[in-house]
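The values are calculated or read from the model by the stated rules, or taken from the named source; none is laboratory data. None of the values given here were measured: they were computed from a predicted structure. In this analysis, Cβ positions are derived from the backbone assuming ideal geometry, glycine residues included, and neighbour counts consider all displayed protein chains. With ligands, DNA and RNA removed, areas are computed over all heavy atoms of the protein, side chains included. Shrake-Rupley method; radii C 1.70, N 1.55, O 1.52, S 1.80 Å.
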Amino acid sequence: MDTWSGTWLRFLGLLGSLALLTATLQVSSAGPGDRPITLAPAATDTSVPSLGRVWPVGNRPAVLRAWEPPATTYGRGHRGVDLSAPPGAPVRAVAAGRVSFAGRVAGKGVVSVELAGTGDPPLRTTYEPVRASVKKGEEVTAGAILGTVEPTGSHCTTPCVHWGLRRAETYLDPLSLLPPWLLSHGPSRLLPVIGVPVPS
């Protein structure tokens, strides 16, 4: 190695050490009022509050395919649930929020709703294939009709609605939005009491 190359490599090494020292001093000299330095991206909040008040379709539709989270970001899986629903059936917002998208994606009608009070970034539900009756920016309440099930565009073998849930780019199980009383198989019933004495 000639003298020029050796000198140049020592100079580059010195520059790298100087940059590391400067970064270390900047981090260690941050005062209590200074904004903290983020060294790694924050993990996405995957908590889901049970704030759903209605099913997207019907009273308790059959789940044709459950949520199957992929092992990796681009891996195979099912990023939502498929609910049995006949064409023309009303599609409802499961919780209050604001319509963030109502239009067509790859030929399918899609409606997305950002759910109120679910943090930053907010939870976002999606429904497809849906002929939208709402517009982007519209505020909706739980149970509000977003549109109707389209007769085509479903990836199911029978008519269905694909219902998804995301926070930022992370897919979550939409069924986790529903409280236990909505997930149960039916309403509570009073049964006759036999053999219990009547109080005197």
**Q.** Matching residues, segment 140-175, being closer than 20 Å to ARG65 by Cα and open to solvent by 50 Å² or more (accessible area, probe 1.4 Å)
**A.** PRO151, THR152, HIS155, THR157, THR158, PRO159, TYR171
Q. Within segment 61-75, can one find any residue that is over 25 Å from GLU139 (Cβ atoms), in contact with a Lys or Arg (Cβ under 7 Å, 6 or more places away or on another chain) and not aromatic (Phe, Trp, Tyr)?
A. yes
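Would you mind finding the one in VAL99, VAL94, VAL111 that is among the aliphatic types (A, V, I, L, M), open to solvent by less than 10 Å² (accessible area, probe 1.4 Å), within 20 Å of VAL54 (Cβ to Cβ) and not in a strand (DSSP E or B)?
Of VAL99, VAL94, VAL111, the one residue that is among the aliphatic types (A, V, I, L, M), open to solvent by less than 10 Å² (accessible area, probe 1.4 Å), within 20 Å of VAL54 (Cβ to Cβ) and not in a strand (DSSP E or B) is VAL94.
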Q | Extreme residue, nearest to the chain's Cα centre (by Cα), among residues of segment 125-151 that are over 20 Å from LEU182 (Cβ atoms), part of a strand (DSSP E or B) and not β-branched (Val, Ile, Thr) | A | GLU128
**Q.** Search result, residues across segment 114-139 that are open to solvent by less than 70 Å² (accessible area, probe 1.4 Å) and of a type in the set (Asp, Glu)
**A.** GLU114, GLU128
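Rundown of residues vs (1) in contact with a Ser or Thr (Cβ under 6 Å, 6 or more places away or on another chain); (2) modelled with pLDDT of 85 or more; (3) part of a loop (DSSP other than H, G, I, E, B); (4) loosely packed, with under 11 Cβ neighbours inside 10 Å, yes/no style:
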residue	(1), (2), (3), (4)
TRP8	no, no, no, no
LEU12	no, no, no, yes
GLY16	no, no, no, yes
LEU20	no, no, no, yes
ASP34	no, no, yes, yes
ASP45	no, no, yes, no
ASP82	no, yes, no, no
PRO86	no, yes, yes, no
